[in-house]
Amino acid sequence: MAGILTVLMVVLTALAAACGSGGPATTPSLEPTATPPVAPETTPAPPLGTLRLQQVQPAGVSAPTNLVQAGNGRFLLTEQAGRVLVLDEDQLAEEHILIPEPLDLRDRVSSRGSEEGLLGIALSPHNDRHLFIYYSAANPRRSVVSRFNFNREVAPDSDLVILEVEQPYSNHNGGQIAFGPDGYLYIGLGDGGSAGDPQGNGQDTSTLLGSILRIDVSESTEAQPYAIPPDNPFAASDGARPEIWAYGLRNPWRFSFDRETGDLWTGDVGQNEWEEIDIIERGGNYGWNILEGNHCFRPRDNCDRQGRIPPVHEYSLDGAPCSVIGGYVYRGNAIPWLRGTYIYGDFCSGKVFGLRYEEDQVIQHEELADTGLRIMSFDEDNAGELYLLSQREGVFRLVAGR
């Protein structure tokens, strides 16, 4: 037994010595274990801040729908009932008095439906002194785009009807018109109304309804009120209307062009659950009435999403949205932290939101103001500053909050 203990002591002593010297020379050294890469900390974007409203309401304005600024500094303000009011630039301030309105179309505009009326206005970029308006008419019910001569004042008897589209119902009229950076006129038309698009107009390119149109009005005449731009997606297509630029829209009430990038943004009003923001692409199909936002509408499950462009953003105000009011990408100078942010709102809640979109994804989305107003429209002046039009309270300028 003593001999065995002696041998064990010798072995243990040798092992201890070997461990203390870093191990036997014949033991290969191990490769160091690779340290897993540490993901860089992502710095959240700084908060956008808040906005407040500075009232610039002209006296006597009722249900304003659009505001544009002419090159001479004057503003043109449309009322849903059918008047176009003219304001001098220095008159767009509190408690000013309106100069006489240049154009009263109440005898031809139908505003019997809550979504009908004088809905859109655009000034020609072609230095031809023309003003274009979009309004609802009756007997038969239709949407009309008409051109007027404009040289400081609007000549009321100078109108040339550019386009008329029959409307089966009084709602989902669309109503926005705007000239793009390409000089063509873009027109927003809803799906024709009722609920759920019963006529299937959203997915039917043989009708102008449920679409954004693109036409050339640079040389309009009575014989040919407009021409088809040759690069329109359906310009040479059999069965599809060549005026269509994009389709599958329910009610693109307000759209706008980013004056820096040229991107076309729209707010498309949802049916019951989802409001959506889209960036419009040439020939794009935005899914209605198969999809409402990112969600199946008809059928409710396992709908066909192939070939349909999803929205940039959707929202559902706690399951009870009202109507998204598309706005503008802010490119003004008065609010530096807001530059590059898409501003939009909701008609019923009165909330104003800011959305930043980069590399095909939303990187920031925040509530910027809770106005409590019925928001009808956002509009932009020549300097890129933004205005909010309320159905009952008039016109407001968006300014930085305090």
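The values are calculated or read from the model by the stated rules, or taken from the named source; none is laboratory data. These figures come from a predicted structure and were not determined experimentally. Positions of Cβ are generated from backbone atoms using ideal geometry, with glycine treated the same way; all protein chains shown enter the neighbour counts. All accessible areas refer to the heavy atoms of the entire protein, side chains included, with ligands and DNA or RNA removed. Shrake-Rupley method; radii C 1.70, N 1.55, O 1.52, S 1.80 Å.
Which one of these is crowded, with 18+ Cβ neighbours inside 10 Å, in contact with an Asp or Glu (Cβ under 9 Å, 6 or more places away or on another chain) and either more than 24 Å from ILE325 (Cα to Cα) or free of Cβ contacts under 8 Å to residues at least 40 places away in the same chain (or both): ASN232, ASN251, ASN289, ASN294? Give the derivation first.
On the way: ASN251 fails: either more than 24 Å from ILE325 (Cα to Cα) or free of Cβ contacts under 8 Å to residues at least 40 places away in the same chain (or both); ASN289 fails: either more than 24 Å from ILE325 (Cα to Cα) or free of Cβ contacts under 8 Å to residues at least 40 places away in the same chain (or both); ASN294 fails: crowded, with 18+ Cβ neighbours inside 10 Å.
Answer to the selection: ASN232.
Somewhere in region 332-354, is a residue over 30 Å from VAL395 (Cβ atoms) and either among the polar types (S, T, N, Q) or in contact (Cβ under 8 Å) with a residue 60 or more places away in the chain (or both)? Please lay out each step first, then the result.
Step one: of region 332-354, the residues over 30 Å from VAL395 (Cβ atoms) are none.
Within region 332-354 (the criterion being over 30 Å from VAL395 (Cβ atoms) and either among the polar types (S, T, N, Q) or in contact (Cβ under 8 Å) with a residue 60 or more places away in the chain (or both)), the answer is no, since none of the residues qualifies.
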Kindly provide the set of residues from region 361-370 that are more than 15 Å from GLY327 (Cα to Cα) and touching a residue at least 24 places away in the same chain (Cβ under 8 Å), ordered by number.
-> VAL362, ILE363, GLN364
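Filter region 169-204 for residues that are in a loop (DSSP other than H, G, I, E, B) and among the aromatic types (Phe, Trp, Tyr); which is modelled with the lowest pLDDT?
Going residue by residue through region 169-204, those that are in a loop (DSSP other than H, G, I, E, B) are 169-176, 180-184, 190-200, 204.
Imposing the further condition that a residue be among the aromatic types (Phe, Trp, Tyr) reduces the set to 169, 184.
Numbers: TYR169: 95, TYR184: 98.
Taking the candidates together, the pick is TYR169.
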Which numbered condition trips up THR207, out of (1) open to solvent by 20 Å² or more (accessible area, probe 1.4 Å); (2) of a type outside the set (Asp, Glu); (3) touching a Leu at 6+ places or on another chain (Cβ under 7 Å)?
-> (3)
Give the residues of region 130-168 that are at pLDDT below 95 and either crowded, with 24+ Cβ neighbours inside 10 Å or not small (Gly, Ala, Ser) (or both), sorted by residue number.
-> HIS130, LEU131, PHE148, ASN149, PHE150, ASN151, ARG152, GLU153, VAL154, PRO156, ASP157, ASP159
Please determine, by comparing only the residues of region 121-136 that are closer than 15 Å to ARG108 by Cα and not β-branched (Val, Ile, Thr), which one is nearest to the chain's Cα centre (by Cα).
-> TYR134
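Specify the residue that is farthest from ASP278 (Cα to Cα); the eligible residues are those in region 205-240 that are among the small types (Gly, Ala, Ser) and assigned to a strand (DSSP E or B). I'd like the intermediate steps shown before the answer.
Residues of region 205-240 that are among the small types (Gly, Ala, Ser), as a first pass: 206, 210-211, 218, 220, 223, 227, 235-237, 239-240.
Now restrict to residues that are assigned to a strand (DSSP E or B): 211, 227.
Working: SER211: 13, ALA227: 26 Å.
Only one residue tops the list, namely ALA227.
SER124: among the hydroxyl-bearing types (Ser, Thr, Tyr) and in contact (Cβ under 8 Å) with a residue 60 or more places away in the chain, yes or no? Lay out the reasoning, then the answer.
Values: among the hydroxyl-bearing types (Ser, Thr, Tyr): yes; in contact (Cβ under 8 Å) with a residue 60 or more places away in the chain: yes.
Yes, satisfied.
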Of the residues in region 254-283, those that are farther than 14 Å from GLY188 by Cβ and part of a loop (DSSP other than H, G, I, E, B) number 14
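The rows are residues; the columns are (1) touching a residue at least 60 places away in the same chain (Cβ under 8 Å); (2) touching a Lys or Arg at 6+ places or on another chain (Cβ under 7 Å); (3) buried (at least 20 other Cβ atoms within 10 Å of the Cβ).
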site	(1), (2), (3)
ASP268	no, yes, yes
ASN272	no, no, no
ILE277	yes, no, yes
GLU281	no, no, no
ARG305	no, no, no
PRO310	no, no, no
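Across region 296-316, what is the number of residues that are outside any loop (DSSP other than H, G, I, E, B) and modelled with pLDDT of 95 or more? Even if it seems obvious, please write down each step before you answer.
Of region 296-316, the ones outside any loop (DSSP other than H, G, I, E, B) are 296, 313-315.
Now narrow it down to the ones that are modelled with pLDDT of 95 or more: 296, 313-314.
Result for region 296-316: 3.
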